[in-house]
Amino acid sequence: MWTLKPMLIRKNWPIVIVTSLLLGACQSTTGAQVARDNAAYETLDRTAPDESALYRIGPFDRLTISVFNEPSLSFSDIPVDARGQFEYPLIGTVEAQGKTPAELNAEIKRRLDAEFYNDAQVTVFVNASASQYVTVEGSVTDPGRYELPNGRATLLEVVALAKSPTRTAALDQIMVFRDVDGERYGALFDLDEIRNGIAENPDIISGDVIVVGNSALKGAFRDFLQAAPLFNVFTRF
């Protein structure tokens, strides 16, 4: 059973180096320990944003806004323009960019209550997001950048967006890279264990990069992991 330990990678190594090692290195010695399991989940939990700051509205997002018992103020699809604004009845221009749905909800309620209502019951949802995305690379059918409508998805959901791993994918070599305050973190997961319910399905957030390894390159990838010092928690690189 592989045990998960953290890895420290030099801060200035770009992610393309990791991808190159996954996709272009040669087969080498076997038996190296691969960092994974509990520490990988601890890393994603520790580097995830607070729930209150999980999603902030951006340009070209599309919103649902409803006011209880007021159909003239309820809309199923309001687009946010390139400046991060939209027009709303009675109150005019609303600045949405950078606000969470809860903050936007409070802003609309405050402005409605100021002149027109005693206690407007406002609800705001994000229908679609153009500002929140993840990148999926490596051995998947359709690599690329994908939107996250709610700013969060599970690892299985994100891999499915890229039309699933290829036949040669190494399902025990799924890397997740995350930038937090200018520092880069990495964690390794086993997709087969997640699919079979043996391991938890971790949350992926906007800005994450997922790299799916190739089974023909397992030895090279393990050499890469072994080359970096290991600690009891993942650290920045």
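The values are calculated or read from the model by the stated rules, or taken from the named source; none is laboratory data. These numbers were taken from a predicted model, which means no experiment stands behind them. Cβ coordinates were reconstructed from backbone atoms using ideal geometry, including for glycine residues, and neighbour counts include every protein chain displayed.
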For a quick check of your reading of the model, give me the residue pairs whose first member lies in the range 53-81 and is farther than 16 Å from E95 by Cβ and touching a residue at least 24 places away in the same chain (Cβ under 8 Å), whose second is of a type in the set (F, W, Y) and loosely packed, with under 15 Cβ neighbours inside 10 Å, with beta-carbon atoms closer than 6 Å and at least 6 apart or on different chains. T64/F125
The strands (runs of 3 or more DSSP E) lying entirely within the range 123-203 that contain at least 2 residues which are at pLDDT 90 or above, in contact with a helix residue (DSSP H, G or I) (Cβ under 7 Å, 6 or more places away or on another chain) and not aromatic (F, W, Y) are 133-138, 169-180
Subset of the range 104-130 [among the hydroxyl-bearing types (S, T, Y) and under 22 Å from the mean Cα position of the chain (by Cα)]: S129
Residues within the range 138-154 that are more than 21 Å from F125 (Cβ to Cβ) and crowded, with 21+ Cβ neighbours inside 10 Å, tallied: 3
Within the group A96, A106, A114, which residue is without any contact (Cβ under 8 Å) to a residue 40 or more places away in the chain and surrounded by 19 or more Cβ atoms within 10 Å (Cβ to Cβ)? A96
